[in-house]
Amino acid sequence: MPVDTASVEVTGWGRTAPTTAARLVRPRSYEEAADAVLDCAAPGARGGIARGLGRAYGDAAQNAGGCVLDMTGLDRIRTIDARDGVVVCDAGVSLHRLMEVLLPLGWFVPVTPGTRYVTVGGAIGADIHGKNHHVSGSFSRHVVSLDLLTADGEVRTVPAGTDLFDATAGGMGLTGVILSATVRLLPVETSWMSVDTERAADLDDLMDRLAATDHRYRYSVAWIDLLARGPAMGRSVLTRGEHAPSDALGARARREPLAFRPGRLPAAPGFVPEGLLGRASVGLFNALWYRRAPRARTGELQKLSAFFHPLDGVPHWNRVYGRGGFVQYQFVVGYGQEEALRRIVGRISRRGCPSFLAVLKRFGDGDPGWLSFPVPGWTLALDVPAGLPGLGAFLDGLDEEVVAAGGRVYLAKDSRLRPDLLAAMYPRLADFRALRAELDPRGVFTSDLSRRLSL
Ligand SMILES: Cc1cc2nc3c(=O)[nH]c(=O)nc-3n(C[C@H](O)[C@H](O)[C@H](O)COP(=O)(O)OP(=O)(O)OC[C@H]3O[C@@H](n4cnc5c(N)ncnc54)[C@H](O)[C@@H]3O)c2cc1C
């Protein structure tokens, strides 16, 4: 029997919009998953949505009054082709688990977000991107095929390059439940990164550096001080890197070049009282962070976990924003829209949003997923405490700027976007809706996000 719990509060990582699911079901086999989906389709059942590790910030993996399918019980790695670098695994397997198993064999996941505690299903559902988007595209570009459980309880094998695949990649769980996927991997010689760090004095300096030299690096990201004003607006610390070859390691690390033992600090304390993370304290933190970064350093060896997932070392770090939670706002505007980016960064900086986790990066070519977020351009992501006075109206204003510049916000981070802006942001939205209407005419797959945005 699957684990089945009634009346469970479910929320995203930002903790801004918790709702109560009538049922939380944790299937442990494909058959149990199919039974759960058929239950979701029963009259009066209010549908269902798949959930991975709940790292989407907003309301994508929750379903008020209906069913939530916790997919983490389906966590088998089925086959590994260690010669050609291909893994077949259940959708509930986390990227953390894949790293534990694959790194010692000399393979790495093709794309990782800022946390490795996401599932393969969540990685495809949101078509996640990493610091290598400008080189490698998003996660689904490396998926050869997937098995999808659709609303009729059938399992379809969906190869890349088909409409159903492109609707599912970034489709936020709304085409069905991904049961398993075949993913191509990246060969690595070590579990270390060779990292170059430099400071950029302001936003223009940062954009110039990124535009001039990003192509030399597989991974690139800039931490940006959004509280700096005047001539320092947009000052940043740029970190870029590549998987270190074995001959770059010292004698000790060379004994176990592919070891993967990420460190873990004590869990973050309980909720930090609201207001403690104000403009002054975060401004001080940001100034210190900027100054302690080297002006320029090359070839520093960092553990893979430190380079990609520094926050994973602090369990429950999302509590630092207090009980009210926090909004993560991420948008992209295309190349040629640098003026819009400057205006938006200026607005954030003048507004004094106390954000210490803000990053800017460049996206490469867009991905085939109809609702995939990345398009070629500049993407900025920032965390803001949800209780900041006037935040809703302020972010609505930023949305208008983003739309006017032909850009879009990222659904995996969203909990507040106005639905009328969506079609302008995602031109394939009509195709997505049409495919869903045909595949799932009774709307079995539904979520708080899909109802809020009429997806
Ligand atoms: C610290 C942190 C850093 C992050 N950094 C990045 C980043 O750099 N780049 C980036 O792109 N994202 C980033 N994210 C967001 C995160 O990668 C995505 O939200 C991802 O989808 C979370 O995966 P999950 O397994 O937790 O899925 P959930 O959050 O549980 O679900 C996310 C979506 O995927 C769907 N889904 C989950 N499992 C399945 C399944 N089996 N079948 C069908 N649909 C499914 C859900 O319905 C939902 O719509 C970050 C999040 C955090 C907390």
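Here are the numbers:
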{"read-out": "Cα-based shape type of segment 115-224, given that a ≥ b ≥ c are square roots of the gyration tensor eigenvalues and the cut on a/c is 1.5", "value": "prolate"}
{"read-out": "Label-zone membership for segment 81-118, site GLU256, 7 angstrom Cα→C-beta point, backbone N under 19 Å", "value": "96-108"}
{"read-out": "Enclosed volume per residue, in Å³, of the convex hull spanned by Cα atoms of segment 192-418", "value": "141"}
{"read-out": "FRET efficiency for GLU31 and VAL86, using Cβ-Cβ distance with R0 set to 25 Å, rounded to 0.05", "value": "0.45"}
{"read-out": "Computed over the chain: relative contact order in percent, which uses C-alpha pairs under 8 Å that are six or more apart", "value": "18"}
{"read-out": "222 nm mean residue ellipticity, helices alone, for the chain (DSSP H n ≥ 4; -39,500 (n - 2.57); rounded to 500)", "value": "-7000 deg cm²/dmol"}
{"read-out": "Dipole magnitude of the chain, debye to nearest 20 (Cβ charges: Lys/Arg +1, Asp/Glu -1, about Cα centre)", "value": "1520"}
{"read-out": "Accessible area per residue in Å² at 1.4 Å probe, computed on the chain", "value": "39"}
{"read-out": "Spread of Cα-to-Cα distances over 5 Å intervals beginning at zero, given as percent, for segment 39-185", "value": "2, 10, 20, 24, 21, 13, 6, 3, 1, 0"}
{"read-out": "Stokes-Einstein D for segment 112-179, Kirkwood Rh over Cα pairs, 25 °C, 0.890 mPa s (µm²/s)", "value": "202"}
{"read-out": "Value of relative contact order over segment 192-418, rounded to a whole percent, pairs C-alpha under 8 Å and six or more apart", "value": "25"}
{"read-out": "Accessible-area composition of the chain, carbon plus sulfur, in percent [1.4 Å probe]", "value": "54"}
{"read-out": "D_trans [Stokes-Einstein, Kirkwood Rh over alpha-carbon pairs] for the chain, 20 °C, 1.002 mPa s, µm² s⁻¹", "value": "96"}
{"read-out": "Rg and Dmax of segment 326-455, Cα atoms only, in Å", "value": "15.3, 47"}
{"read-out": "Segment 73-188 - percent relative contact order, Cα under 8 Å, separation 6 or more", "value": "31"}
{"read-out": "Length added when fully stretched, ALA306-ALA232, from 0.36 nm per residue minus Cα-Cα", "value": "23.9 nm"}
{"read-out": "Under 5 Å, built H, 5+ apart or other chain: amide partners of GLY322", "value": "VAL272"}
{"read-out": "Segment 399-449: chymotrypsin sites (Phe, Trp or Tyr not before Pro) falling in loop per DSSP and having at most 13 other Cβ within 10 Å", "value": "none"}
{"read-out": "Alpha-carbon centroid distance for the pair segment 19-96 / segment 304-337, whole angstrom", "value": "23"}
{"read-out": "For segment 196-223 versus segment 365-429, the gap between their alpha-carbon centres in whole angstrom", "value": "23"}
{"read-out": "Prolate/oblate/rounded label for segment 19-84 (Cα gyration tensor, a/c 1.5)", "value": "oblate"}
{"read-out": "Inter-site label distance for ASP204 and VAL101 at 7 Å from Cα along Cβ, in nm", "value": "5.2"}
{"read-out": "Segment ALA296-ARG184, extension gain: residue separation times 0.36 nm, minus the distance between their alpha carbons", "value": "36.9 nm"}
{"read-out": "Anisotropy class of segment 284-351 from Cα gyration tensor, a/c 1.5 cut", "value": "oblate"}
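The values are calculated or read from the model by the stated rules, or taken from the named source; none is laboratory data. Predicted model, so just to flag it, every value in this text is computed and none were measured. Counting neighbours? That spans all protein chains shown, and the Cβs are built from the backbone with ideal geometry, glycine included. Note: areas computed on protein heavy atoms with side chains; ligands, DNA, RNA excluded. Shrake-Rupley method; radii C 1.70, N 1.55, O 1.52, S 1.80 Å.
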